[in-house]
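The structure appears right after this line, and notes come after that.
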Amino acid sequence: MQSKTKELDPILEVNNLFASIENLPILKGVTISVNPGEIHAIMGRNGCGKSTLSKIIAGHPSYKITKGEIKFTGNDIQSLEPEERAQSGIFLGFQYPIEIPGVSNLEFLRVATNARRKFLNKEELDTFDFEDLVKEKLDLVKMDSAFLSRSINQGFSGGEKKRNEILQMALLEPKIAILDETDSGLDIDALRVVASGIKKISNEQTGIILITHYQRLLDEIQPDYVHVMADGQIIKTGESDLALELEKNGYEWTDNFIKEQ
Amino acid sequence: MVSENLVKDVVTEPYKYGFVTDIETEKISKGLNEDTIRLISEKKEEPQYLLNFRINAFRKWQKMEEPNWADLGYKKIDYQDIIYYSAPKQKEKISSLDEVDPKLLETFDKLGIPLTEQKKLTNVAVDAVFDSVSIATTFRKELAEHGVIFCSISEAVKDYSNLIEKYLGSVVPSNDNYFAALNSAVFSDGSFVYIPKGVKCPMDLSSYFRINSGDSGQFERTLIIAEESSSVSYLEGCTAPMFDTNTLHAAVVELIALDDASIKYSTVQNWYAGNEEGVGGIFNFVTKRGKCLGKRSKISWSQVETGSAITWKYPSCILLGEESVGEFYSVALTNNLQQADTGTKMIHIGPRTKSTIVSKGISAGNSINSYRGLVKMGSKASGSRNYSQCDSMLIGDQAAANTFPYIQSQQPNSEIEHEASTCRISEDQLFYLQSRGIEFEEAVSMMVSGFCRDVFNQLPMEFAAEADKLLALKLEGSVG
């Protein structure tokens, strides 16, 4: 793959990755490399393995890697626990953020932020300093501070859950963010808020992978590369015009592509 | 699961309070008969009425059957293989703390309950009970200035005999149940509290129970009396060394609240629970009951039960006085092969009485955790209300949770509400927290704390923090 910034080492390298869940193969040789400052989009039909790829990178325990490797800033991360991956700067924005009754959102955000800060050798924040920080970040996603006192994602609307994900990303300042269908379930205004939040958080040091079905998110955030996934593989990689092509022609050709293989 | 190694590491973490104090003790020989009881009574220089109370209880106990309705699985207890009196050897009469064996003071120091003048806790008065006897009670002078009596029950028998004679056994009759009868026959020590009319007890009172011997049972007895318009908050903590045999603990606690009085009784129970294979641990068979004798009186039980191989206890309220209030807030956590059968009885007798029950059971490992509770509306309890909420949380797929609510109403003009739920900590919830950098163990503990919040809010502040820590410690390694 071509790189805009050849002199930099990639943040994330996935090499020929095979993975399965309960002996059912899902990923069948995925290769992708993300350099600092790059935005990648992964598109494809439901069930093609997009979400699985993101969960495996984050360390979900249900999936088994059968072949290949995942390197984060040059190191293989397969033996790391999910929390170690997160602390070192890998962020997964969930497609369906889960509700956790009884655990306050504010407390959760603070513990998570401090875990990351500890890794970065930054001072951990007490409740007061953290509240100042979180209020500043709330503005990025136009969230009301009332969200903080509620239980994690409990009773949140679809859009509120997604904003809460981006709020977490803003607090954790990851090196790489994999955002799994962050645009689904959002109306156009909420989509703009979320997209502008993502843009403000990312910079030349960070990498982003957007997993999406739709062009409308990519209208807001221009990807450098677009990958098309089918049957657990990346079958085509192009630049942003590839997404437009998909929008026009749909995914049917990907089925034929797999059949021919 | 990825965290398997971590899990193994922490499971093997030893019980923090499992040490044994090497101290010379005076023990009577094993076995139980009327002579044993006369010996105990004699050692304690008790008046005749108390000896009669004990002997009566013993005779009733002999005719009773050990209850098995809770369906707890345990090896039959051999009541003749237990030592019924064990006390550290000390000088006959101790007039000040300086005369207490330093080893005992050291023991309580190690447990985080310093007793000496210099180190004692500043806001809590403590009665420290070691095996069968009370070692020391702090802040007695300061409390006496307010007319508050806080001493061991043995001392109370000597010094406040009229109160003992009037109230002992008035809430839990000596033939109430098998274990209460046993306790009535052989009880050795415990705490006594008397709050005079109109006095708000200036500090929290606390008893700390320590079992040290492996072969003797502990049978403590606590009696708290709150006179008109008085109030008190009482805390209770318990630990024991690790033995591979089971030790019997059969306590009785009686509370009496007169008009407008309120008693808050909080327990953090952390008796040794046995090892992962279920070997050893305390059998905790306890009868706790409060009587709201006066109008508008209030008795509130809160408990955090994390220890013991078997827990069998139902802190209850008899709501006699009109508009009296009973409360029960409970967190019971079982892990490995622990069994807990706990709950409450709210007996509404007076009109316009109210009771609230909030029970949170958490079962991990191969444990069994049951809520068993009775709400009864008597024929005169018109306008009375009860609200019950019983929630269970399962961790892992080998643990069991049960809820047995019993409801009896003889009063159509009363309300009983019962809500129950069961949930399981899901792998996806854990992964969500982990994927934000939160350690696996902390993620579990955050979710459990969240689950228990309604109850922790009811605990005195220092206790709440301790309970939170204790739960986290107990749960380490329970999710595999």
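Summary of computed values
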read-out: In the range A:114-133, the residues that are touching a residue at least 24 places away in the same chain (Cβ under 8 Å) and within 14 Å of chain B (Cβ to nearest Cβ); value: A:Ala115, A:Arg116, A:Lys118, A:Phe119
read-out: Output for the range A:95-113, where each listed residue is in contact (Cβ under 8 Å) with a residue 12 or more places away in the chain, of a type outside the set (Gly, Ala, Ser) and in a helix (DSSP H, G or I); value: A:Asn105, A:Leu106, A:Phe108, A:Leu109, A:Arg110, A:Thr113
read-out: Conditions (1) surrounded by 12 or more Cβ atoms within 10 Å (Cβ to Cβ); (2) modelled with pLDDT under 75; (3) not in a helix (DSSP H, G or I); number of the one not met by B:Val7; value: (3)
read-out: All positions within the range B:295-315 that are of a type in the set (Phe, Trp, Tyr) and buried (at least 24 other Cβ atoms within 10 Å of the Cβ); value: B:Trp301
read-out: Condition check for B:Asp468: buried (at least 16 other Cβ atoms within 10 Å of the Cβ) and modelled with pLDDT under 80; value: yes
read-out: Positions within the range A:56-84 being charged (D, E, K, R) and without any contact (Cβ under 8 Å) to a residue 40 or more places away in the chain, in sequence order; value: A:Asp76, A:Glu81, A:Glu83, A:Glu84
read-out: Meets criteria (away from chain B (no Cβ under 14 Å), surrounded by 16 or more Cβ atoms within 10 Å (Cβ to Cβ) and of a type outside the set (Asp, Glu)) for A:Pro36; value: yes
read-out: Unique residue being in contact (Cβ under 8 Å) with a residue 40 or more places away in the chain, assigned to a loop (DSSP other than H, G, I, E, B) and closer than 22 Å to B:Ser414 by Cα when the list is B:Gly373, B:Gly321; value: B:Gly321
read-out: Looking only at the range B:438-460, and only at residues there that are assigned to a loop (DSSP other than H, G, I, E, B) and under 15 Å from A:Ser104 (Cβ atoms), the one that is farthest from the other protein chains (Cβ to nearest Cβ); value: B:Asn457
read-out: Leading residue by the ranking (nearest to the other protein chains (Cβ to nearest Cβ)) among those in the range B:409-421 that are farther than 24 Å from B:Val304 by Cβ and surrounded by 15 or more Cβ atoms within 10 Å (Cβ to Cβ); value: B:Ile416
read-out: Any hit, the range B:188-207, residues being surrounded by fewer than 24 Cβ atoms within 10 Å (Cβ to Cβ) and of a type in the set (Val, Ile, Thr); value: yes
read-out: The range A:22-66, residues that are β-branched (Val, Ile, Thr) and not in a strand (DSSP E or B); value: A:Thr52, A:Ile56, A:Ile57
read-out: Count of the range B:126-142 residues which are surrounded by 23 or more Cβ atoms within 10 Å (Cβ to Cβ) and in contact (Cβ under 8 Å) with a residue 60 or more places away in the chain; value: 7
read-out: Strands (runs of 3 or more DSSP E) contained in the range B:198-288 and holding at least 3 residues of a type outside the set (A, V, I, L, M, F, W, C); value: B:204-210, B:231-239, B:246-249, B:262-269
read-out: Breaking point among (1) buried (at least 18 other Cβ atoms within 10 Å of the Cβ); (2) touching a Pro at 6+ places or on another chain (Cβ under 8 Å); (3) closer than 29 Å to A:Glu160 by Cβ, for A:Pro61; value: (1)
read-out: Filter result for B:Thr311 (assigned to a strand (DSSP E or B) and within 24 Å of B:Val172 (Cβ to Cβ)); value: yes
read-out: Check on B:Asn386, under 17 Å from B:Glu322 (Cα atoms), in contact with a strand residue (DSSP E or B) (Cβ under 9 Å, 6 or more places away or on another chain) and part of a strand (DSSP E or B); value: yes
read-out: Residue ID - surrounded by the most Cβ atoms within 10 Å (Cβ to Cβ), chosen from residues in the range A:80-94 that are more than 7 Å from chain B (Cβ to nearest Cβ) and in a helix (DSSP H, G or I); value: A:Arg85
read-out: Tally of residues being farther than 13 Å from B:Ile310 by Cβ, assigned to a loop (DSSP other than H, G, I, E, B) and modelled with pLDDT under 90 across the range B:324-339; value: 1
read-out: Residue within the range B:391-400 that is outside any strand (DSSP E or B), touching a residue at least 40 places away in the same chain (Cβ under 8 Å), under 27 Å from B:Ser308 (Cβ atoms) and under 25 Å from the mean Cα position of the chain (by Cα) present; value: yes
read-out: Residues of the range B:45-89 satisfying the condition of being touching a residue at least 12 places away in the same chain (Cβ under 8 Å) and of a type in the set (S, T, N, Q); value: B:Asn56, B:Gln80, B:Ser86
read-out: Residue satisfying all of: in the range B:422-437; in a helix (DSSP H, G or I) and of a type outside the set (A, V, I, L, M, F, W, C); farthest from the other protein chains (Cβ to nearest Cβ) among these; value: B:Glu427
read-out: Of all residues in the range A:98-107 being within 22 Å of the chain's Cα centre (by Cα) and within 7 Å of chain B (Cβ to nearest Cβ), the one that is surrounded by the most Cβ atoms within 10 Å (Cβ to Cβ); value: A:Ile100
read-out: A:Lys71 more than 30 Å from B:Phe456 (Cβ to Cβ), assigned to a helix (DSSP H, G or I) and charged (D, E, K, R); value: no
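The values are calculated or read from the model by the stated rules, or taken from the named source; none is laboratory data. Everything numeric in this text was worked out from a predicted model, so none of it was measured. For neighbour counting, all protein chains shown are included, and Cβ atoms are generated from backbone atoms with ideal geometry for every residue, glycine included.
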